[in-house]
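Q: Sharing a structure, written as structure tokens. Questions coming.
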Amino acid sequence: MARIASRIAELTGEGALAVFTRAKELERAGRSIIHLELGEPDFHPAAPVVKAVQEAVATGRDRYVSTRGIPPLREAIAEYLRRTRRVKAATENVIVAPGCKMALAMAMMALIEPGDEVLYPDPGFPIYPSFTRGLGARAVPFGLVEKNAFQPDLDEIRKKITPRTTTLIFNSPNNPTGTVFSGEALREIAELAKKHDLWVVADEIYARILFGGEYESIWRLPGMAERTVIIDGFSKSFAMTGWRLGYAVAPKHVIDAMDLVVLNTFTCTAEFTQVAAIEALNDSTRAVPAMVGEYRRRRDLFVQGLNCVPGFRCQTPGGAFYAWVNIEDTGLAAEEMQKLLLEEVGVAGIAGAAFGANGKNYLRFSLVSAASLLQEALERIRHVSVKWSAAVAR
Ligand code: PLP
């Protein structure tokens, strides 16, 4: 039989979808499920954004457009990054893609050669190592562990850099830990990148979902604008997951390389979504700060509640919308806990190994359900915790 290309065997999926499928099955069988497994906001785009897309379709903004994205959106993205992150990038540094994942894939295709070594966070977004391997490169994890408050250990990174290392990928705030990389960590990563001539791919998709302080982008550090690719988009910050809209910000010659990937694959991102995205960036109804305020309330309620469950331990995340819970003291494996919570009390979370080996004793819950549902989830977890509380007391 004709074969499938070997690179496909290097790719892996995302754990959340398997749990989601089972949760839906239980729901169809009449069970009440609280969905905390997917990283999908329960908000929808603000009304002016919805109106803008309707108008764009009605007025025929449905043509092939520039491979890099429509110029007004690219300009608006450059302005937005200056305004919200003090990132000084020009329009020529911006390329639009159908989703952050596609922007990430294009950047990785443009930068990574077979045989390269690519550093990535563990736990982290599972696509980083998967797509690295798919490109014939070696994925090398660096740990984000609890004893370091999930901050990267720069000595570990230093030791893992070899003459073959070309790229370091990180995500701040990080999915799944919610860690906002400290200024010191960013400075040290930047120094290493300059010393070893590395590309840095900074996945800033959660940059707006920050619970304190101002976002620090590695792009702004001296000498970094020429070796950084920022990945961001509309899925999380503007609750537009299904719109498939993301972008990358990079040196012009990297954008040119990524542009050729666009030309050879999807040609362009849909015009009408791009027109409406400008409205999202303007955020005339201040929907983003309101949404972030709600995530903060949910975080406070849920993290505090989880820390009262016997054997559960959860640090307060600085950003994103996840709770990353250590369940080691319960004596149960994370996969067993995932199953118990879903099958017995209908609370869907994900066993942490889906995010890398360091996730072994953790569960990730997304804070994408209303506070009342999170409260209910806590009650259900407390109720079932009698099953392991005796083990914790020992
Ligand atoms: N990067 C990170 C860290 C994510 O968590 C996600 C989605 O969960 C993505 C990228 C993908 O974003 P998009 O849905 O815009 O492709």
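Readers should treat all values here as calculations from the given coordinates under stated rules, not as data from a laboratory. What you see is a predicted model, and the numbers here were worked out from it, not measured in a lab. Ideal geometry is used to build each Cβ from the backbone, glycine not excepted, and the neighbour counts take in all protein chains shown.
Q: Using a Cα-Cα cut-off of under 18 Å, which lysines could be cross-linked to Lys88, ignoring same-chain neighbours fewer than 8 residues away?
A: Straight-distance partners of Lys88: Lys252.
Q: Still on this structure, please answer the following. If the reach is capped at under 21 angstrom between alpha carbons, list the lysines near Lys236, excluding any in the same chain fewer than eight residues apart.
A: Lys51, Lys101
Q: Sticking with this one: Once fully extended, how much extra length lies between Ala370 and Arg297, figured as 0.36 nm per residue of separation less the alpha-carbon to alpha-carbon distance?
A: 25.3 nm
Q: How high is the relative contact order of the stretch 1-141, given as a whole-number percent (alpha carbon pairs under 8 Å, six or more residues apart)?
A: 27
Q: Okay, moving on. What whole number of Å gives the distance from the Cα centroid of the stretch 16-44 to the Cα centroid of the stretch 351-373?
A: Result: 13 Å between the Cα centres.
Q: Here's a follow-up. Through the Karplus equation 6.51 cos²θ - 1.76 cosθ + 1.60, θ set to phi - 60°, convert the phi angles of the stretch 144-161 into ³J(HN,Hα) values in whole Hz; use x for Gly and Pro.
A: Computed from phi, the couplings for the stretch 144-161 are 10, 10, 4, 5, 9, 6, 6, 7, x, 9, 5, 5, 4, 4, 3, 5, 8, 7 Hz.
Q: Dividing the convex hull volume of the Cα atoms of the stretch 47-282 by its residue count, what figure in Å³ per residue is obtained?
A: That works out to 113 Å³ per residue.
Q: Given R₀ = 56 Å, what would the calculated FRET efficiency be for His196 paired with Arg28, taking r from the Cβ atoms and rounding to 0.05? Don't skip to the end; give the middle numbers.
A: Numbers: r = 52 Å, r/R0 = 0.93.
After rounding to 0.05, the efficiency reads 0.60.
Q: Here's something else I'd like to know. Can you tell me what percent of all Cα-Cα pairs in the stretch 1-157 are more than 23 Å apart? Mind showing how you got there, number by number?
A: Values: 7775 of 12246 pairs.
Percentage above 23 Å: 63.
Q: Sticking with this one: How big is the chain by Rg and Dmax over its Cα atoms, in Å?
A: Both quantities, over Cα of the chain: 21.1, 68 Å.
Q: Related question: To one decimal place, what Kirkwood hydrodynamic radius in Å is obtained for the stretch 221-328 from all pairs of distinct Cα atoms?
A: 17.3
Q: Roughly how many whole Å is it from the C-alpha centroid of the stretch 182-215 to that of the stretch 103-180?
A: Comparing the Cα centres of the stretch 182-215 and the stretch 103-180, I get a distance of 12 Å.
Q: Separate question: Please list, or write none, the lysines whose alpha carbon is within less than 22 Å of the alpha carbon of Lys159, excluding same-chain residues fewer than 8 places away.
A: Lys147, Lys194, Lys195
Q: Could I have the simple spin-label model distance between His44 and Thr285, label points 7 Å from Cα toward Cβ, reported in nm to one decimal?
A: Simple spin-label model gives 1.0 nm for this pair.
Q: So what's the back-of-envelope 222 nm ellipticity for the chain, counting only DSSP H runs of four-plus at -39500 (n - 2.57) apiece and dividing by all residues, rounded to 500?
A: Working: 13 runs with 160 residues, N = 394.
-12500 deg cm²/dmol, from helical runs alone.
Q: For the chain, what is the relative contact order in percent, using Cα pairs closer than 8 Å and at least 6 residues apart in sequence?
A: RCO, the chain: 24 percent.
Q: Compute the whole-percent fraction of alpha carbon pairs in the stretch 63-145 spaced more than 21 Å apart.
A: Tail of P(r) above 21 Å: 46 percent of Cα pairs.
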